[in-house]
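Bear in mind that the values in this text are calculations on the coordinates, not laboratory data. Small disclaimer: the values here were computed from a predicted structure and weren't measured. Heads up, the Cβs are rebuilt from the backbone with ideal geometry, glycines too, and the neighbour counts pull from every protein chain shown.
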Amino acid sequence: MPKPSSPPSRPDPLITGGGLGGVAAPPAAHCLDNGLVPEQTHTDERRLAAFQDELVRDGRELHRPETKGY
């Protein structure tokens, strides 16, 4: 009989720090920490605002900075 798997752990930012992992890790961690699935975060304005506040507290930008010429 197969052994039951352990629950998923929070993504390690050192492993997922760059590229797509760097983008996917914060929402995945937020969902795991709060017992949510992604749809519950992005479809509920209150939950989305809480997640965005968490990102800002962690020093992440919510919007790409505007660049003007080089």
Glu45-Arg64 pseudo-label distance in nm [points 7 Å out on the Cα-to-Cβ vector] = 2.7 nm
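At 0.36 nm per residue, and after removing the present C-alpha to C-alpha distance, how many nm does the segment from Leu32 to Leu55 gain when stretched out fully? Intermediate values should be presented prior to the final figure.
On the way: separation 23, 0.36 × 23 = 8.28 nm, distance 1.51 nm.
Full extension of this stretch gives 6.8 nm more.
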The range 17-70: GluC sites (Glu not before Pro) falling in loop per DSSP and having at most 10 other Cβ within 10 Å | Glu61, Glu66
